[in-house]
Every structure is written in structure tokens, then in C-alpha cells.
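I have placed the structure first, in the form of C-alpha cells, so that the comments after it can refer back to it.
Nothing in this text is a laboratory measurement; each read-out follows from the coordinates by a stated rule. Everything quoted here is computed from the prediction, not taken from an experiment. For neighbour counting, all protein chains shown are included, and Cβ atoms are generated from backbone atoms with ideal geometry for every residue, glycine included.
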Amino acid sequence: MAAVVWNDEYKMNDSVVDAHHRTLFKMISDLAAAISARKDEVFVYEALDAFARYCQFHFRAEEQMMESTGYPGLRDHRKEHDTLEEKARELVEMHKTGDLTLGSAVPQFFARWLSEHIAIEDRRMVQWVRIQGGALAGSGHWAFREASAKMPVSRAATPKK
Ligand SMILES: [Fe+2]
């Protein structure tokens, strides 16, 4: 499968927002590695669940930032978050009940979604926040700092067995 990697094109030039996005790519890449290793379904589950949980924290942080700056595109942006989040949670549940064995199409789907979302929706959001004089550079917006403190940590890509 194609590599799931961070690319400088996705940079928003905000250290905290960029760190979140880099972590999302890392988590998708961890998931792809766990799937291709095909050794441990628990490891695949944990990678998928960590990604789904990280998305929740990250998306809420973006939504709080958009709310606090009166972003006019909030509704549509949130809709995109909700769709991805529902998809990720649905896959987590299906995997948990044994109804699903993940293939490489899943991380590819997440990576494609994320790169398109960052390039269009997140870029618009960041431009708006900057115009509004919202704190983005340096230590980042408060919503991102708060979310960062609560987020799950990405696990190593190599299964233990
Ligand atoms: Fe977003």
C-alpha cells in the first residue's frame, strides 16, 4: 500500500495544530503496520481504538477553537468530523465483536480523508482564526493545549509477538 506519511504540504505553521496532525498520521501508519504484520488482532484493535479516541480529542479541540472565534464554516466542518468519527467508532465496534478483519484499505481511507480534510477544511479554519487574531502561533490555542494534555499516546508500530 502507499505510504501513510506526514507531508510538509499539510503544515499550518502552528506547532500545536501540526503536532496533532502529525500524530494522526503516525497513528494511521501504526495501524497500517499492525494490519500488514497480521500477527496480533489485539494489537490491530488497540491501534484502531487509539486512532478513534485521538480523533475525538483533536476534533473537539478544533471545534472549540472554531466556536471561540465565531468561524462561519463550523457546521460543515463539524459534519466532516462527525462522519469520520462515526466511521472509526463503527469499525472499532465491528472489530471488537469479531465481525471484521481489517485490511489495508482502512488506513488508506483514513489517510486519504485526513490529507484532504487538512488541505481544505483545516486550512480554511486556520486562516480564519489567524484573521480573527486567535492565538495559534507559539504555544497554540487553549483548546489544543487542553486536548493535548488528555490525549492517548500513539503506540509503537511493531507487534510484540
Ligand atoms: Fe478538522
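For the chain, what is the number of Lys pairs with C-alpha distance below 19 angstrom, counting only pairs 8 or more positions apart or on separate chains?
The number of close lysine pairs in the chain is 9.
Where Lys and Arg each count +1 and Asp and Glu each count -1, what net charge lies around Lys96 among other residues with Cβ under 14 Å from its Cβ?
Details: positive: Arg53, Arg89; negative: Glu41, Glu46, Asp49, Glu90, Glu93, Asp99.
Result for the local shell: -4.
For Ser104 and Glu80 in the same chain, what is the full-extension length gain: residue separation times 0.36 nm, less their Cα-Cα distance, in nm?
Working: separation 24, 0.36 × 24 = 8.64 nm, distance 2.21 nm.
So the chain would gain 6.4 nm between Ser104 and Glu80.
Enter the mean projected area of the convex hull around the alpha-carbon atoms of the chain, in nm², rounded to one decimal. It would help to have the intermediate numbers written out before the result.
Values: hull surface 36.2 nm².
Mean orientational projected area (the chain, Cα hull): 9.0 nm².
Considering only the other residues whose Cβ falls under 15 Å of the Cβ of Ala147, what net charge follows from Lys and Arg at +1 and Asp and Glu at -1? Please list the in-between numbers first.
Working: positive: Arg22, Arg53, Arg60, Arg145, Lys150; negative: Asp14, Asp18, Glu62, Glu63, Glu67, Glu85, Asp122, Glu146.
For residues surrounding Ala147, the net value is -3.
How would you order 79-89, 116-126 from highest to lowest mean count of nearby Cβ atoms within 10 Å?
Values: 79-89: 15.2, 116-126: 17.1.
The most tightly packed comes first, giving 116-126, 79-89.
Note the full-extension length gain between Arg112 and Glu9 as 0.36 nm times their separation in residues minus their Cα-Cα distance, in nm to one decimal. Could the numbers behind the result be given before it?
Details: separation 103, 0.36 × 103 = 37.08 nm, distance 1.38 nm.
Here the answer is 35.7 nm.
With labels modelled as points extended 7 Å from the Cα through the Cβ direction, what inter-label distance (nm, one decimal) is found for Glu93 paired with Arg22?
My value for the distance between the label points is 3.5 nm.
On a 0 to 90° scale, report how tilted helix 15-37 is relative to the longest principal axis of the chain, with both axes built from alpha carbons and the result rounded to the nearest 10.
The angle comes out at about 10 degrees.
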